[in-house]
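Report on the structure given below.
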Amino acid sequence: MPTQEKIAALADLKSRFDGVKTVVLTEYRGLSVRQLSDLRKQLRAVAADYKVVKNRLARLAIKSSRLEGLSAHLTGPTGVIFSREDPVALAKALHGFAKTNQALAIKAGYVEGQMLPPAELKALADLPSREQLRGQLVGVIQGILSRLVGVLAAPQRELVYVLQQRGSSVSSASDRGNE
């Protein structure tokens, strides 16, 4: 018979899993309480939460949902990262922390409808941020528009150049005629 505490914990987990864009499973064995606190702080900065979960409760919470593929990775001490925001920012923060804290192991992830192994989460972390991509896109569009304006202005520029040449040749011919 489940206790009221377990029922509440299961309901809390289900509500956390609802509507997430990104879920990452980690193994935190070997991390100190201070390191876990630092990880939580870094994840909060990118609008993500870190929660240590009981594997059985997590399996029940994701049963019959789009996250059910994560069940196979719910073994050993498990911490779950939840995010409804930018998955790239989350991956960057997580891999930045993992570089300095080798004890954190990334088991698997779910990003916007796809199950991802740790290597693909690392590749996601290597992508430029959303702001950088927007800046690059604006730069490309601006370059294209600049070239378009140049191409559209070329006939008028050429006409002015021809008229100037024609005008200077006429004036130099009349100057020679006046001499």
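Read-outs throughout are calculated quantities, based only on the coordinates presented, and are distinct from any laboratory measurement. These numbers come from a predicted model, not from an experiment. When we count neighbours, we look across all protein chains shown, and the Cβ atoms used for this are built from the backbone with ideal geometry, even at glycine.
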Task: Computed [θ] at 222 nm, helices only, for the chain once each DSSP H run of length n ≥ 4 contributes -39500 (n - 2.57) - done: -20000 deg cm²/dmol
Open item on the list: Give me the percent relative contact order of region 1-118, please, defined on Cα pairs under 8 angstrom at least 6 residues apart.
Closed with: 40
TODO: Between the alpha-carbon centers of region 1-52 and region 112-147, tell me the distance in whole angstrom.
DONE: 28
Open item on the list: If packing is taken as the average number of other Cβ atoms within 10 Å across a peptide's residues, how do 98-105, 53-60 rank, most packed first?
Closed with: 53-60, 98-105
Open item on the list: Give me the extension gain from Q102 to Q35: residue separation times 0.36 nm, minus the current Cα-Cα distance, reported in nm with one decimal.
Closed with: 23.0 nm
Open item on the list: Give the lysines reachable from K63 as a straight Cα distance under 21 Å; neighbours fewer than 8 places away on the same chain don't count.
Closed with: K6, K14, K21, K51, K54, K107
TODO: Set the Förster radius R0 to 25 Å, insert the Cβ-Cβ distance between V138 and E85 as r into 1/(1 + (r/R0)^6), and round the FRET efficiency to 0.05.
DONE: 0.70
TODO: Given the peptides 12-20, 153-161, arrange them by the average over their residues of other C-beta atoms within 10 Å, most packed first.
DONE: 12-20, 153-161
Task: Simple spin-label estimate for I7 and L152 in nanometres, 7 Å along Cα-Cβ - done: 6.8
